[in-house]
1. Test G179 against the criterion of being among the small types (G, A, S), part of a helix (DSSP H, G or I), under 21 Å from I328 (Cβ atoms) and in contact with an Asp or Glu (Cβ under 7 Å, 6 or more places away or on another chain), and give yes or no.
2. How many residues are under 15 Å from D288 (Cα atoms) and either in contact with a Phe, Trp or Tyr (Cβ under 9 Å, 6 or more places away or on another chain) or surrounded by 12 or more Cβ atoms within 10 Å (Cβ to Cβ) (or both) if we restrict to the stretch 309-331?
3. Suppose we filter the stretch 154-195 for residues that are aliphatic (A, V, I, L, M) and in contact (Cβ under 8 Å) with a residue 60 or more places away in the chain; how many remain?
4. Just give me the residues in the stretch 401-452 being among the small types (G, A, S), in a loop (DSSP other than H, G, I, E, B) and closer than 23 Å to G251 by Cβ, in sequence order.
5. Give just the number: which of (1) part of a helix (DSSP H, G or I); (2) under 23 Å from A329 (Cβ atoms); (3) of a type in the set (A, V, I, L, M, F, W, C) does C159 not satisfy?
6. Pairs, please: C-beta under 7 Å, at least 6 apart or cross-chain, first residue under 9 Å from C99 (Cβ atoms) and in the stretch 363-376, second surrounded by 23 or more Cβ atoms within 10 Å (Cβ to Cβ) and among the basic types (K, R)?
7. Only residues in the stretch 242-262 that are touching a residue at least 24 places away in the same chain (Cβ under 8 Å) count as the first member; pair them with residues that are within 16 Å of ligand 2 (Cβ to nearest atom) and in a strand (DSSP E or B), Cβ under 8 angstrom, at least 6 apart or cross-chain, and list the lot.
8. Every residue in the stretch 303-335 that is of a type in the set (D, E) and either in contact (Cβ under 8 Å) with a residue 24 or more places away in the chain or assigned to a helix (DSSP H, G or I) (or both), please.
Amino acid sequence: MSDPVFQKCIAPECGACYGVEEVLVACPKCGNLLDVQYDWDRLAPPAALNHFEKYWAQRDNPQRRSGVWRFHDLLPFTSLEKCATVGEGQTILQNSTGCARYAGMNDNALFLQYEGMNPSGSFKDNGMVAAVTHARLVGAHRAACASTGNTSASLALYCSCIQSMKAIIFIGSGKIAYGKLSQALDYGAQTLQIHGDFDDAMARVKEVSKKLGIYLVNSVNPFRLEGQKTIMFRVLEALRWNVPDWIVVPGGNLGNSSSFGKAFHELKTLGLIDRIPRLAVINAEGADTLYRLYNEKGLRWNGGTPDRETIAAFFEQMSQENRHASTIASAIEINRPVNLEKCLRALEWCDGVVRRVSDQQILDAKAQVGACGFGCEPASAASLAGAKLLREEGIIAPSEKVVCILTGHQLKDPTATVAYHSGDEQKFQETLASRGVMEAKFANNPLPVENDVEDIVRAIQG
Ligand SMILES: *Cc1c(COP(=O)(O)O)cnc(C)c1O
Ligand SMILES: [Zn+2]
């Protein structure tokens, strides 16, 4: 390879390489996923992580202000000036005593990484900005994705901002939270509601984008995962370059977990960190493919040769039983995660564990996140629910430093929040009880009062 940046098939027995300018969502030789890879010897990687601190003084440069491109030296697939940006990645790591206590951790041990603070309200912007940058690089004028909502909101936002690209989004009918749907429509994206669920929309968008030559930005796109690495760089930055003990992340299509593993693997290879944190990927009970394959079938990356027969048989049985994903955490309501093999690799690199949590556990954890901080959407709270579970199992010790990734903003899915807190029996039945949620343990009911000062005073003073 003459170019120090290239795309490479993740299957070691194939390992085929392709140019960075090629538009691929799978290895043309073997069909497996691709990575963006760097020949670091011919690039100029930083000598230490505090190298990035000098960019703090360059906040008048939009790319250096971006929480993604501030770390361009660790994802240099094109020059800095060519990188798109809308100010993504201005997110924070918050130490949360309240959530620590809820999870059974020591008071200072638990941190929440608020990716809902991104421009479109979810972590997806970290990856989308990299994919859109690559799409522009190859001269694409149309970009498409299938989405449970946040990928489409993010793509739609970038396309509305940069104006040189049209967004085409595929969503499953009736499967999208209102906050997310409203974004795609407001940003002017062409929105196709496929009669089916996310897994159907994913299958169709792959076919259609291939047929029409439309740039695909789902997380099979290796450039997206490059951008998502920076979530981990910002966590390290917030911890003054100290490595935490655990990263806990919800698992849907498994792009985030895959990119986190790649981030830490690269940092370790470059000698920028001396140890890798452990990774916990949390499925919802109603969408637990990774959990079942990893814990019940013992599936592992296995140095690049996962047992693909086990995987095929699992999905075959899923089809035969006509099993579909079902959880209130719509962002992880996915039964056929496209990044499965990359996630297995990340779990190997990070000595990872996989757990699943119920919708009840998710919503109770979400109420705690709301009461102790900025709030999050249901899928995000799977991370805190998962940390609590791992603490109860004794896998996480109370003093270990745990970072829970809050993937999406609280306002993304008001329906779930209102159904939990409002005390409206009908809403509770329709939205939550139908999913096996028995009680709203931490409900903060609004108080009905008369339009009368005395009544209001009495209500406030209890
Ligand atoms: C996309 C998304 C997820 C799932 O992330 P994957 O990378 O697909 O595993 C979780 N939470 C939210 C809010 C999301 O938007
Ligand atoms: Zn290959």
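Throughout, read-outs are computed from the coordinates displayed, never taken from laboratory work. Values in this document were obtained by computation on a predicted structure and should not be read as measured data. Note that each Cβ is placed from the backbone with ideal geometry, even for glycine, and that neighbours are counted across all protein chains shown.
1. Here the answer is yes, as G179 does meet what is asked.
2. 13
3. So the answer is 5.
4. G436
5. (2)
6. A365/K388
7. K262/D35
8. The answer is E309, E316, E333.
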